[in-house]
Amino acid sequence: MAVPAALILRESPSMKKAVSLINEIDIGRFPRLLTRILQKLHLKAESSFSEEEEEKLQAAFSLEKQDLHLVLETISFILEQAVYHNVKPAALQQQLENIHLRQDKAEAFVNTWSTMGQETVEKFRQRILAPYKSLEKVLVEFSHKELFDFYNKLETIQAQLDSLT
């Protein structure tokens, strides 16, 4: 008996609303939207779309601004979960059907994931998670008493460290 895939997508009220909005999006334009989001997914600080592009998407998909943001964030979340769990296409399709995404939309996700998924996983692996080192000069002024107190604290810390070894 096959073990069912771990549930990576849970149905929440916002997920239900986003899924209903995604189900209404024109299937002809949907794969390009997925491709664009997946291409920029690994760029942490960068949005997938500029303000101007978002306005065009609003018009193209007949969505309010906040609904468009919900759709884009949900698609990004689904794809990020797929990257994080390195989901196989068939398992992704099952997850999407579990949250009631229409079959044509689920297939668009799966096709995009099949084409670009591994490349995206690799981009995430290459991404530096720690902040960049930046040297910064710091100037500190102490009075004689503050300096002596600071020195005593450092001595106490050093003694505690020495006692560990």
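Between the labelled values (1) 1.26; (2) 0.99; (3) 1.09, the entry that holds Rg/Rh (Cα atoms, Kirkwood Rh) as derived from this structure is (1).
Going by neighbour counts of Cβ atoms within 10 Å, the residues Thr156, Thr112 line up, fewest first, as Thr156, Thr112.
The lysine pair tally for the chain, using Cα distances under 13 Å and a gap of 8 or more places or different chains, is 4. Restricting region 111-165 to GluC sites (Glu not before Pro) that sit in a DSSP loop and have at most 13 other Cβ atoms within 10 Å of their own Cβ leaves Glu136, Glu141. Among the trypsin sites (Lys or Arg not before Pro) within region 11-112, those in coil by DSSP and having at most 10 neighbouring Cβ atoms inside 10 Å are Lys44. One chain, two ends: Arg32 and Lys17. Fully extended at 0.36 nm per residue, the span grows by 3.2 nm beyond their Cα-Cα distance. Shown here for region 69-165: chymotrypsin sites (Phe, Trp or Tyr not before Pro) in loop regions (DSSP other than H, G, I, E, B) with at most 10 other Cβ atoms within 10 Å, namely Tyr132.
What you get for region 32-165, charging only the Cβ of Lys and Arg (+1) and of Asp and Glu (-1), is a dipole of about 460 debye around the Cα centre.
Each value in this text was obtained by applying a stated rule to the coordinates, not by laboratory testing. Treat the numbers as computed from the prediction; the structure is a model and nothing was measured. Reconstructed Cβ throughout: ideal geometry from the backbone, glycine too, with neighbour counts over all protein chains shown.
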